[in-house]
Every structure is written in structure tokens, then in C-alpha cells.
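Colleague: First the structure, then my questions, so here it is.
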Amino acid sequence: MREANPVISLRDLRVSYGEIEILHGIHFDVKAGETLVILGGSGSGKSTLLRTLVGLEKPSSGQIWINGQDIAAISHEELYEIRKKTGMSFQGSALFGSMTVGENVALPLREHTKLEDSTIEIMLRLKLEQVGLAGFEYHMPSQLSGGMKKRAAVARALAMDPEILFFDEPSAGLDPIIAAGIDQLILELKKAFHMTIIVVTHELASAFLIADRMVLIDKGNVVAIGTTEEMRASAQPRVRQFLDRVPEPDVEGELDYLQTLTEQYRRHA
Amino acid sequence: MATENAMEFVSQLGAGVTDGLAYLGALATLGTRAAYFTFVAPFQGKALRLQSAASQAMEVGVRALPILSLITFFIGLILALQSAYELGKLGAMSLVAKAVALSMSRELGPLITAIVVIGRSGSAFAAEIGTMKVTEEIDALEVMAIDPVHFLVAPKFLAMIVMLPCLTIWANTMGIFGGALFGVTQADFTLGRYIQASIDSLYVRDIVSGLIKSVMFGVTITAVGCLEGLSTTGGAEQVGRSTTRAVVISIFLVVAVDLVFTAIFFFLGNG
């Protein structure tokens, strides 16, 4: 493992939607082969952070170094080259509804490789087997349950043998048993492939199970970063509040949020 | 107070014009990128999605034939009735065939075809891409390093610029047949003579100018439908709104493009 060389480095990353800044200078590194969980409440900016990491949002300033390239400053083609070596599983799984599960998984292979159909066929079966969906390649996504869709999406993310795997809320909308299954899947992938895995979630149990290290994001800032033990032992009030599930002492925060929304709406109108 | 109102009006007018120009810019960008993936990229090793384009062509073109045939047949018949109303007074019923043939192939064939295609396909493009946008499928394509314009827009673009002229020719023909129904039953035409009179009254430029317009309509409808789809945010309700916008904006822009090209042909002396 290249412990010394971080796979991903964020340097003073700022992201804005219009005039409202969502992330106020995010700064941390992700080491090769580790599983980093990005924790945060609703509206904390953790999803925006993930979208920025995969290049779906442009930062207003700062740098995102992935494998030695600043994805905020490179061309579209160069970004596509990096994306071929990363995979992402979306919150709603984002499978293409007009294609079978097999076609979904095979799509990146068909697009980016010159492999023959028979080879692609074998690879997609292998990927589906890895996520526990062997034999489902001819099903349509609409015929799958929520947990199975998530697994199919993971298989698609794995198709190109990525070095980095991103998960957006892997257990959102799943019952505890199915969610535990997805956690188990992430652990298996981590053990089998030594991939760098980045997971965005607000599920504490799941986070502590899969994480090597954690980052807590609150109101667009990094509040704490450390191993699971360090987080558990942290005395930082915001960390304690999040881990001990203490509700906000007053609703002022939410009122602020409402006010921001109203202002935003007015500006648009 | 009056100056304030006037200022307000001017600033709103300015904002409206700026928005409109920005929208046209976005349409032009999308159209250019779709054209790049259709005409240039295949020679740079990025395969054209012919299979996808063929199925789009089937949907846009072939499946539109029944309804388009019926509508343009009626339009031809209506044109014949309307022109006969005036021509009959002049005792020039033999000119009905010419009137129908000219107005169909120069104007109404391309326009009616475009409007039918907007209703069937422009709206479908916006709904399909809009749904994919709200379910993160467009983001998934991006993250997999697959350009959504290459994957989704270019096949539609190709299907439209091929199928719209074809549909237009079909529409012209059906319109002439519609006129023939009147010509044969109410004026002293036989079917053969009516068709011959229609063909004789048309110059190649009449048909070609209609076909050039129909290609431009195809570009416009694809760009608007796909842009509305791609700029959908939020949920299912927004998809409906995008679809409506796609239809309304397409109809407006098709008529505007029609005007521009008709004027160009007129001043080029082609008219």
C-alpha cells in the first residue's frame, strides 16, 4: 500500500450553488485502500461533497487531487479518463430502466473496452455473482427489490475494476436486514479488492461497521476526522451530539435554513 | 412613480431578452454537440449509435405515419375547399390542384409534420431525458465516463434529421391526395389528371425549400426536447413541466425558424 501517497486530496474546497456557499473550505486526504465514511446530517453538504468528488459539481475554488490530477482544473476528456477508474453507486441506484440488469452492468465495458461480447458476458456474470445477484442478468431493474437494485448498481460500478468506489447513502430506503447485507457487501469488496472506498451516509451503525476512518461534516465544514476509535472517544461537542443522537437544543438552525431557502426562492423569482 | 415603473419595465424587458438569448445559446451548444457526435466523432473512432438511432427513427418516423397521413389528408382537403371558394368565383377550378400542391409542399407539409412530431416525439424526448435526470441516470452516465449527449441526444438528432424530411414528403403526398378527393368529386378532375396537374405545378425548389425547412425543424425539436429534459431538476412534477415547456417552446421556435427560412428563400429570389 502506498501509505504515503493519498489517492484523493482535498485542498480548501469550496462549492456554491448560485450565491450560497455550501462547502466552506474542505480539507482532508484519503489514503489508498482505506474505507472513508463521510458522515453528516441532512443539509450538511455531504452529498454535495460526494458529487464534487466525482466531478458532477464544479468547485468555486480549491483543489481536488485524484491520483495526482486536480479534477477541478483538467479537461472533460481527462476527467473521463479518471472516471473510467472510479465507480459510483447512487442513492436511488440509477439503473437504466430501459435495459436489463445485465446490459446495465455491461454498459461501461461495451463503451470503454474492445472486449468481445462473449468476454463481456462472462465478466458481467462474475460481477453479478460478486454482489450476490447471479442469474439475474435478464431481469429488468423494475422487477428487482430495493436491495437488489442497490446490489446491481454496485455490480455496474465494479464493472471497470475501479480503483476508487463511491457510495451515496448505500442503506437509504432499505430495511435494517437488507441494509446490513449491503454493509456486508462493502466489507467483502474491501477485503477482496483493497479498493479505496468512500461512503456518504448518516447511518451510524453502518458507518462504524465499515469505516477505517470517518469525516464528520456539519454546515459545510469538516468538524472532525479520525479513526472509528478516535471518533468514539472524541469530546468535540458536535461529534458527541451527532454520535449520541442529541436533538438540536432549539429550532433556530432550522429557521435559519428556512430563511435561506426563502431568500433563494425570492432571488430566483 | 411613472419613471420608476418605466425603469422596472425596461429592466424586466432586458432580463427577458437576456434569458431568451441565453436559452438560444444553450440550444445552439446542444445542437452543435449533437451534430459533432453525429457527423465528426464517427471519423475519430467514437462509434455512432446506429442501432439506437434506428429504433428512434422507427418511433419518430414510422409510428407517426398513420396519424400524420390522416391529418395531412384532411389539411389537403381543407385547402382544396378553401381555395375552391375563391377560385370557383373566378371560374378557375382547375387551379385548385396547383394551390393545394404549392401550399402543401412549400409550407403546410413541413409545418404540420413538425407539429405532429413535436406532439409525439419532442414531448417524449423531454419526458424520457427528464425522468432519467431526476432518477440520477444522467449523472450515472457522466460518472461512467459516457457522454449523455453522445449516448442519448445524438441518436435522436440523427433520427430526426433523417425522418423529418421523409415524413414531410409523405405529408405532401397525402395532402395532394386529400385535395384530389375534392378535385375528383367536385371539380372536373380524374385522379390521374389531378395528380398530373399537381406535379406540373411544382418546381424542384418548392419541394427542396420545404425539405430544408423540415431538417431545420428536426434540429430545433430535438434540441428543445433534449435541453428541456437535461435541465429538469426536482421530481416527477418537474418532468411534466419540462414536457409542456418542450412542446410550447418547440412550436414557437419552429414557427420562428419557418419565418426566417421562408424569408431567406424569398429574398434569395427562390420564392
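Colleague: Could you identify the single residue in B:A126, B:A180 that is in contact with an Asp or Glu (Cβ under 9 Å, 6 or more places away or on another chain), away from chain A (no Cβ under 14 Å) and not hydroxyl-bearing (S, T, Y)?
Modeller: On the way: B:A180 fails: in contact with an Asp or Glu (Cβ under 9 Å, 6 or more places away or on another chain).
Only one candidate passes the filter, namely B:A126.
Colleague: So is A:S98 over 22 Å from B:K46 (Cβ atoms) and within 10 Å of chain B (Cβ to nearest Cβ) or not?
Modeller: Working: over 22 Å from B:K46 (Cβ atoms): no; within 10 Å of chain B (Cβ to nearest Cβ): yes.
No: the conditions fail for A:S98.
Colleague: While we're here: Looking only at the stretch B:229-238, decide whether some residue is part of a helix (DSSP H, G or I), of a type in the set (A, V, I, L, M, F, W, C), under 24 Å from B:M132 (Cα atoms) and touching a residue at least 60 places away in the same chain (Cβ under 8 Å). Step through it out loud before you land on a result.
Modeller: Filtering the stretch B:229-238 down to residues part of a helix (DSSP H, G or I) leaves B:229-230, B:236-238.
Adding the requirement that they be of a type in the set (A, V, I, L, M, F, W, C) leaves B:230, B:236.
Still in the list and also under 24 Å from B:M132 (Cα atoms): B:230, B:236.
Among the residues that remain, those that are also touching a residue at least 60 places away in the same chain (Cβ under 8 Å) are: B:230, B:236.
Yes - at least one qualifying residue is present in the stretch B:229-238.
Colleague: Could you count how many residues in the stretch A:207-229 are without any contact (Cβ under 8 Å) to a residue 60 or more places away in the chain and within 17 Å of the chain's Cα centre (by Cα)?
Modeller: 2
Colleague: Let me ask something else. Exactly one condition in (1) assigned to a strand (DSSP E or B); (2) buried (at least 22 other Cβ atoms within 10 Å of the Cβ) is not met by A:R11; state its number.
Modeller: If we test A:R11 against (1) assigned to a strand (DSSP E or B); (2) buried (at least 22 other Cβ atoms within 10 Å of the Cβ), just (2) comes out false.
Colleague: In the stretch A:105-117, how many are more than 9 Å from every other protein chain (Cβ to nearest Cβ) and assigned to a helix (DSSP H, G or I)? Give the derivation first.
Modeller: Step one: filter the stretch A:105-117 for residues more than 9 Å from every other protein chain (Cβ to nearest Cβ), giving A:105-106, A:109-110, A:113-117.
Adding the requirement that they be assigned to a helix (DSSP H, G or I) leaves A:105-106, A:109-110, A:117.
Matching residues across the stretch A:105-117 total 5.
Colleague: For the stretch A:189-269, which fully contained strands (runs of 3 or more DSSP E) count at least 1 residues that are at pLDDT 90 or above, on the phi < 0 side of the Ramachandran plot and surrounded by fewer than 16 Cβ atoms within 10 Å (Cβ to Cβ)?
Modeller: Working: elements: A:196-201, A:213-218, A:221-227.
Filter on the stretch A:189-269 gives A:221-227.
Colleague: OK, next. Could you tell me which of the residues B:L167, B:L158 is within 27 Å of A:Y80 (Cβ to Cβ), away from chain A (no Cβ under 14 Å), out of contact with any Lys or Arg (no Cβ under 7 Å at 6 or more places or on another chain) and modelled with pLDDT of 95 or more?
Modeller: Numbers: B:L167 fails: within 27 Å of A:Y80 (Cβ to Cβ).
Just one listed residue meets the conditions, B:L158.
Colleague: Any residue at all in the stretch A:127-144 that is among the basic types (K, R), outside any loop (DSSP other than H, G, I, E, B) and at pLDDT 90 or above?
Modeller: Applying the first criterion (among the basic types (K, R)) to the stretch A:127-144 yields A:127.
When the remaining residues are screened for being outside any loop (DSSP other than H, G, I, E, B), the result is A:127.
From the residues that got through so far, the ones that are at pLDDT 90 or above too are A:127.
Within the stretch A:127-144 (the criterion being among the basic types (K, R), outside any loop (DSSP other than H, G, I, E, B) and at pLDDT 90 or above), the answer is yes, since at least one residue qualifies.
Colleague: Examine the stretch B:43-61 for a residue that is within 24 Å of B:F252 (Cα to Cα) and not in a helix (DSSP H, G or I), and state whether such a residue exists.
Modeller: Within the stretch B:43-61 (the criterion being within 24 Å of B:F252 (Cα to Cα) and not in a helix (DSSP H, G or I)), the answer is yes, since at least one residue qualifies.
The values are calculated or read from the model by the stated rules, or taken from the named source; none is laboratory data. The structure presented is a predicted model; accordingly, all values stated were derived computationally and were not measured. Cβ: placed from backbone, ideal geometry, glycine included. Neighbour counts: every protein chain shown.
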